[in-house]
Amino acid sequence: MTKQTGIVILAAGNSSRLGLPKQLLEFEGESLLKRISREAMAVPYANVAVVIGAYPDPINAALKDSNVHVVINPHWTTGMSSSIVVGIRDLLERQPNLDRCIISLCDQPFVDRDVFQQLIHLADRTEKGIVATGFSGIWGAPVLFERKYFEQLMGLEGQQGARKVAEQFPEDRVIVNYEDAKYDIDTQEDYFNLPHQFISVQQA
């Protein structure tokens, strides 16, 4: 039987270090958020929740043609944990028998449907409860969690991310190696140093 999988895309922050909404930065012709949303929606049988907070109007406008389910986190200023809680809660409301979820970020431009499916396939093959993405000798997002960890994820507080849960269970954790997951965007330097990108005229 195929397990029911959800994908939570965290996109609620105000990108304080960048100085403008990273969710709307363009990469190869489309915004980062629309790109990752499209890739998540392409995963067979996956239910997707995009959690937003800061800049709701322009972000909703950017996603209006994507058919992705958007949920607003009114407490986004309290930290990433609140967005994880909002995302998982939304998935469970729409899919009560959800078996697992993938926590993903909006600012990793090279994370795509193949990465999500690798996480799912490795979880199926190893029967491990946590599957993280490995890069540059470390591991991080995206991370898949089986349902048995939902309670711990929904108990996170403040700036705690999903790693807080994942690092507690090394015996139940396995890694998918994907080096390009190392690219994420916190500053304008990060953005302009991305390989193989086409920068819009407005952002050049």
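The values are calculated or read from the model by the stated rules, or taken from the named source; none is laboratory data. In this text, all values refer to a predicted model and were calculated from it rather than measured experimentally. Using ideal geometry, Cβ is built from the backbone for each residue, glycine included, and neighbour counts are taken over all protein chains shown. What goes into the accessible areas is simple: the full protein's heavy atoms, side chains included, and nothing from ligands, DNA or RNA. Shrake-Rupley method; radii C 1.70, N 1.55, O 1.52, S 1.80 Å.
Please list, or write none, the lysines whose alpha carbon is within less than 20 Å of the alpha carbon of residue 164, excluding same-chain residues fewer than 8 places away.
Those lysines meeting the cut-off are 128, 148, 182.
Hey, can you rank 109-119, 147-157 by average C-beta count inside 10 Å, highest first?
109-119, 147-157
Calculated from DSSP H runs of 4 or more alone, at -39500 (n - 2.57) each and per residue, what is the 222 nm mean residue ellipticity of the chain, nearest 500?
On the way: 7 runs with 61 residues, N = 204.
-8500 deg cm²/dmol, from helical runs alone.
Which entry is the computed Cα Rg over 2.2 N^0.38 Å for this structure: [x] 1.01; [y] 0.96; [z] 1.16?
[y]
With every protein chain kept in place and ligands, DNA and RNA left out, what is the accessible area per residue of the chain? Probe 1.4 Å, answer in Å². All intermediate terms of the calculation are to be shown ahead of the outcome.
Working: 9830 Å² over 204 residues.
For the chain, the solvent-accessible area averages 48 Å² per residue.
If you average the C-alpha positions of region 44-59 and of region 65-128 separately, how far apart do those two centres end up, in angstrom?
10 Å
State the percentage of accessible surface on region 1-153 attributable to carbon and sulfur atoms; use a 1.4 Å probe and exclude ligands, DNA and RNA. All intermediate terms of the calculation are to be shown ahead of the outcome.
Details: 3210 of 6520 Å².
Accessible surface attributable to carbon and sulfur in region 1-153 totals 49 percent.
Using mean Cβ contacts within 10 Å as the protection proxy, how do 31-40, 177-186, 95-104 order, highest first? Let's see the in-between values first.
Details: 31-40: 23.3, 177-186: 16.7, 95-104: 19.6.
Ranking, from highest mean packing down: 31-40, 95-104, 177-186.
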